Amino acid sequence: MTRVATDPIAALLAIADRPGRAGRLTHLEALPAREAVSTAWPPWVAPSVLEGCRARGVEWPWTHQAEAASLAWAGQSVVVSTGTASGKSLAYLLPALSTLAHADAPTRARDRGPTVLYVAPTKALAHDQLGAVCETGAGVAGLRCAPVDGDTPREERDWARAHANWVLTNPDMLHRSLLPGHERWGRFLAGLSYVVIDECHHYRGVFGSHVAHVLRRLRRLAAHYGARPTFVLASATIAEPDHCARRLTGLDVHPVTEDGSPRGPGVLALWEPPLTDVAGERGAPTRRSATAETADLLTELVIDGVRTLAFVRSRRGAESVAMTARRQLAEAHPDLMDSVATYRGGYLPEDRRALEADMRAGRLLGTAATNALELGVDLVGLDAVVMAGFPGTRAALWQQAGRAGRRGRPSVGVLVARDDPLDTYLVRHPDALLGRPVEATVLDPDNPYVLGPHLCAAAQELPLSDADIELFGPGAPAGLEALTTEGLLRRRPRGWFWTRRERACDLADIRSGAGAPVQVVESAEGRLLGTVDAAAAHASVHEGAIHLHRGQPFLVRSFDVDEGVALVEAAEPDYSTTARELTHIQIETIDDTRGCDGADLHLGRVQVTAQVVAYLRRRLFTGEVLGEEPLDLPPRQLTSMAVWWTLDDDAVEATGVEACDLAGAAHAAEHASIGLLPLFATCDRWDIGGVSTALHPDTGKLTVFVYDGHPGGAGFAERGFAVAGRWLDTTRQAIAGCECIEGCPSCVQSPKCGNGNSPLHKPGAVRLLDALLTRLHNVPTYA
Ligand SMILES: [Zn+2]
Ligand SMILES: [Zn+2]
């Protein structure tokens, strides 16, 4: 039986109107259709490239494509920050392919002519791009395109090195292979005309900071061979794309943000699950889980013939959503039961293609996938996307929602809130998602723990001269001195040299932070599953933890702290785990301060002592707390950056908060502010931590700290300091706006609190923040 497809917007409204659903649809934003704004082809585009574009169905470029392409053609590095499916690739395909097309045939065999390097965060994306380059450049004589990644067979890599003029790769490959082996890539680097950094909003936090140095090393080597490439970056819609691109590349980058691509009519719906009878920690009210609510929405949309994709955090969660939908359909509409499936990464390519074909043909109406597939999912013809929880960044939200919308048909995106302060705030304050982006891609190339290994790698590639120092930022002189003292580098008249036999690039694992990463080993077969950042290991692979690897759950059997090995086994538990951590902080330096009238805000370096002391088990779907297990793990020391605020005694007294409630009030403010910082900086609440106290020994005042959880900092505290007014104001609203009485997971309770969410004083937190904010707003220079 074929379903007659209902208008997805009408279907969603009807679902929201069903009995007992009042208040769940908190906001419905109409996203009006937008006409395409096309323009003429820039006159410099090579005829063969124009032909290639037309063959792919591109009659005219959209304005943002032409603008960015022309800037890049003129040698200006550029970042295109526009929506999903806005054809950002044309911005680099046009100038880069035209450069190859216009180039004279090399006169000498050893000349390569101009070359292009394309860098994507994942191998899969680089492979997808290969097709686009080959199609658009089909008529470009002499285009020789090759992917180079960890899977490339030796002969193909040799061929690429000898002949390719368009290489597609990833930052890991640059770091470990291309740059250290630059002598063999000399001719390719000598011709380097364009460097394309695709999906550059993925380069954030510690990973982004590493990539920033990999790109500086690339620029230095290109210059050594006589090339000064133009950088073209493509980003999802973020705040301050030019600032982020400058931090990433170290270059002056021009932003292009005016999107000329067309869009069908659509809506973004914000959805808040109801409070349930399940009592949470300390009797706090809890909400129905986002996954349970998502399963209901998927079921009902499928019944209405709406082709829907649900994004869920874990593979297990995605399977539960699909299973629940199938079970519900078996009762209500048995004929539809088989039209719901799970879409996951492990499938073979042919299985995946079959699934995609079923979706296109309408045999499959509902699919549940994990967020991990955000870049890989290639489902077309969807009417609706339901997201079980905020996917972490606004860019990811629009990327996921943007998957819905068949040509000309209306589309629906639904964000279902999880029971935490950020999701709750977002579904109640639609402007935070719909207004101008406030979320910036945050990274910190000056982190000494990140910088050091790259200075070593650079010195091994080519001795570092005085002239190179500026390229690596203000921390470079001190970094070089420290590395020389340690004996890793040696100062000679011609610069700094790497003194060891081993490969300097092995000092840094660019996908994780400082320190040797912990190895995650499957105990039965001794197979290495992957690694976990040293800084995150205590919280994520302690004994008894349910560790998700690419969305799949594994139970941690044992964790050897000294060896850095966690033994795990595949498991299908009906619960998840969250670690609880106790933290102490000592202030080392104060780098910046703003304040007025007894309220001060600081940014500085701190010494953090953190200890994972226990973990909670929670039932999947309901979130019910099943129990808390103590852990015996040693404390860890960490030097990092923090933002903190203080109120002096008079200011505190004026708030009227009782002395006995002050610790709870500060603690509640700390939890909520950690929950909301990810709205302004692209971090996860697990990337940051906090400490609060009614009297801190270093300040002598009531103090609330929020620190970067990565050694040396990843830029999150710095971003918090820069936007503190808006960030803490948002925090205040989130606490004051929650309907609970004494605090709940949607406002001031934190799943990782080492003190078991006690004491917490919700009304006191609002009063402390009021006192802080009114005083800070009186600071004249305050943003
Ligand atoms: Zn609450
Ligand atoms: Zn706490």
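The values are calculated or read from the model by the stated rules, or taken from the named source; none is laboratory data. Keep in mind it's a predicted model, so treat the numbers as computed, not measured. Positions of Cβ are generated from backbone atoms using ideal geometry, with glycine treated the same way; all protein chains shown enter the neighbour counts. Please note that ligands, DNA and RNA were not included when accessible areas were found on the heavy atoms of the full protein model with its side chains. Shrake-Rupley method; radii C 1.70, N 1.55, O 1.52, S 1.80 Å.
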Filter the range 729-762 down to the residues that are assigned to a helix (DSSP H, G or I), without any contact (Cβ under 8 Å) to a residue 60 or more places away in the chain and over 27 Å from the mean Cα position of the chain (by Cα) and list them by number. 736
Residues satisfying the stated conditions in the range 422-454, i.e. surrounded by 21 or more Cβ atoms within 10 Å (Cβ to Cβ) and within 16 Å of ligand 1 (Cβ to nearest atom): 422, 423, 424, 425, 426, 427
Using the structure shown, decide if residue 77 is closer than 27 Å to residue 228 by Cβ and either in contact (Cβ under 8 Å) with a residue 12 or more places away in the chain or over 28 Å from the mean Cα position of the chain (by Cα) (or both). yes
Show the residue pairs that are 6+ apart or on different chains and have beta-carbon atoms under 6 Å apart, the first residue being within the range 1-15 and at pLDDT below 95, the second being open to solvent by 40 Å² or more (accessible area, probe 1.4 Å). 1/335
Selection from the range 669-717 of residues within 16 Å of ligand 1 (Cβ to nearest atom), farther than 17 Å from residue 393 by Cβ and in contact (Cβ under 8 Å) with a residue 60 or more places away in the chain yields 669, 671, 672
Counted residues in the range 401-410 being surrounded by fewer than 24 Cβ atoms within 10 Å (Cβ to Cβ) and either at pLDDT 80 or above or of a type in the set (Ser, Thr, Tyr) (or both) come to 4
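Please find, within the range 497-538, the residue that is modelled with the lowest pLDDT out of those that are of a type in the set (A, V, I, L, M, F, W, C), more than 30 Å from residue 485 (Cβ to Cβ) and under 28 Å from the mean Cα position of the chain (by Cα). Break it down stepwise before answering.
Within the range 497-538, the subset of a type in the set (A, V, I, L, M, F, W, C) is 497-498, 504-505, 507-508, 510, 514, 516, 518, 520-521, 524, 528-529, 532, 534-537.
In the following step, the residues that additionally are more than 30 Å from residue 485 (Cβ to Cβ) were identified as 520-521, 524, 528-529, 532.
Next cut, under 28 Å from the mean Cα position of the chain (by Cα) only: 520-521, 528-529, 532.
Details: 520: 92, 521: 94, 528: 89, 529: 86, 532: 83.
Applying the filter and picking the extreme gives 532.
Collect the residues in the range 262-316 that are within 16 Å of ligand 2 (Cβ to nearest atom) and of a type in the set (Gly, Ala, Ser), keeping them in residue-number order.
Our first condition is that a residue be within 16 Å of ligand 2 (Cβ to nearest atom); within the range 262-316, this holds for 280-282, 284.
Of everything in the range 262-316, those that are within 16 Å of ligand 2 (Cβ to nearest atom) and of a type in the set (Gly, Ala, Ser) turn out to be 280, 284.
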Answer yes or no as to whether residue 616 is farther than 27 Å from residue 443 by Cα and modelled with pLDDT of 95 or more. no
Kindly evaluate residue 760 against the criterion of being of a type in the set (A, V, I, L, M, F, W, C), more than 12 Å from ligand 1 (Cβ to nearest atom) and either touching a Lys or Arg at 6+ places or on another chain (Cβ under 7 Å) or within 20 Å of residue 659 (Cα to Cα) (or both). no
Which numbered condition residue 54 misses (of (1) free of Cβ contacts under 8 Å to residues at least 12 places away in the same chain; (2) part of a loop (DSSP other than H, G, I, E, B)): (2)
Taking the range 723-776 and keeping residues of a type in the set (Gly, Ala, Ser), within 16 Å of ligand 2 (Cβ to nearest atom), crowded, with 22+ Cβ neighbours inside 10 Å and over 16 Å from residue 423 (Cα atoms) leaves 764, 765
Pair list, Cβ under 8 Å, 6 or more apart: the range 328-340 residue assigned to a helix (DSSP H, G or I), other residue open to solvent by 50 Å² or more (accessible area, probe 1.4 Å): 329/337; 330/337; 335/1; 336/3; 337/326; 338/326; 339/363
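Can you say whether residue 164 is over 17 Å from residue 77 (Cβ atoms), small (Gly, Ala, Ser), in contact with a strand residue (DSSP E or B) (Cβ under 8 Å, 6 or more places away or on another chain) and surrounded by 19 or more Cβ atoms within 10 Å (Cβ to Cβ), as far as the supplied structure shows?
Details: over 17 Å from residue 77 (Cβ atoms): yes; small (Gly, Ala, Ser): yes; in contact with a strand residue (DSSP E or B) (Cβ under 8 Å, 6 or more places away or on another chain): yes; surrounded by 19 or more Cβ atoms within 10 Å (Cβ to Cβ): yes.
Considered against the rule, which asks whether it is over 17 Å from residue 77 (Cβ atoms), small (Gly, Ala, Ser), in contact with a strand residue (DSSP E or B) (Cβ under 8 Å, 6 or more places away or on another chain) and surrounded by 19 or more Cβ atoms within 10 Å (Cβ to Cβ), residue 164 comes out as yes.
Do the conditions hold for residue 247, that is, is it in contact (Cβ under 8 Å) with a residue 12 or more places away in the chain, within 30 Å of residue 760 (Cβ to Cβ), open to solvent by 10 Å² or more (accessible area, probe 1.4 Å) and within 27 Å of the chain's Cα centre (by Cα)?
Details: in contact (Cβ under 8 Å) with a residue 12 or more places away in the chain: yes; within 30 Å of residue 760 (Cβ to Cβ): no; open to solvent by 10 Å² or more (accessible area, probe 1.4 Å): yes; within 27 Å of the chain's Cα centre (by Cα): yes.
It is false that residue 247 is in contact (Cβ under 8 Å) with a residue 12 or more places away in the chain, within 30 Å of residue 760 (Cβ to Cβ), open to solvent by 10 Å² or more (accessible area, probe 1.4 Å) and within 27 Å of the chain's Cα centre (by Cα).
Has the range 697-712 got any residue that is buried (at least 21 other Cβ atoms within 10 Å of the Cβ), modelled with pLDDT of 90 or more and in contact with a Cys (Cβ under 9 Å, 6 or more places away or on another chain)? Walk me through how you get there before you give the answer.
Filtering the range 697-712 for residues buried (at least 21 other Cβ atoms within 10 Å of the Cβ) gives 702-712.
After this cut, where a residue has to be modelled with pLDDT of 90 or more as well, the list is 702-708.
Now restrict to residues that are in contact with a Cys (Cβ under 9 Å, 6 or more places away or on another chain): 708.
Yes, the range 697-712 contains a residue that is buried (at least 21 other Cβ atoms within 10 Å of the Cβ), modelled with pLDDT of 90 or more and in contact with a Cys (Cβ under 9 Å, 6 or more places away or on another chain).
Evaluate the following for residue 710: is it of a type outside the set (A, V, I, L, M, F, W, C) and within 16 Å of ligand 2 (Cβ to nearest atom)?
Details: of a type outside the set (A, V, I, L, M, F, W, C): yes; within 16 Å of ligand 2 (Cβ to nearest atom): no.
Answer is no for this residue.
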Name the pairs whose Cβ atoms lie under 9 Å apart, with the first residue in the range 166-186 and over 13 Å from residue 152 (Cα atoms), the second among the aromatic types (Phe, Trp, Tyr) and outside any helix (DSSP H, G or I), and 6 or more positions between them or separate chains? 166/118; 171/203; 182/225; 185/225; 186/225
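Determine, yes or no, whether residue 233 is away from ligand 1 (no atom under 16 Å from the Cβ) and either in a strand (DSSP E or B) or within 28 Å of residue 359 (Cα to Cα) (or both). Spell out how you get there, then give the answer.
Values: away from ligand 1 (no atom under 16 Å from the Cβ): yes; either in a strand (DSSP E or B) or within 28 Å of residue 359 (Cα to Cα) (or both): yes.
So residue 233 fits the description; yes.
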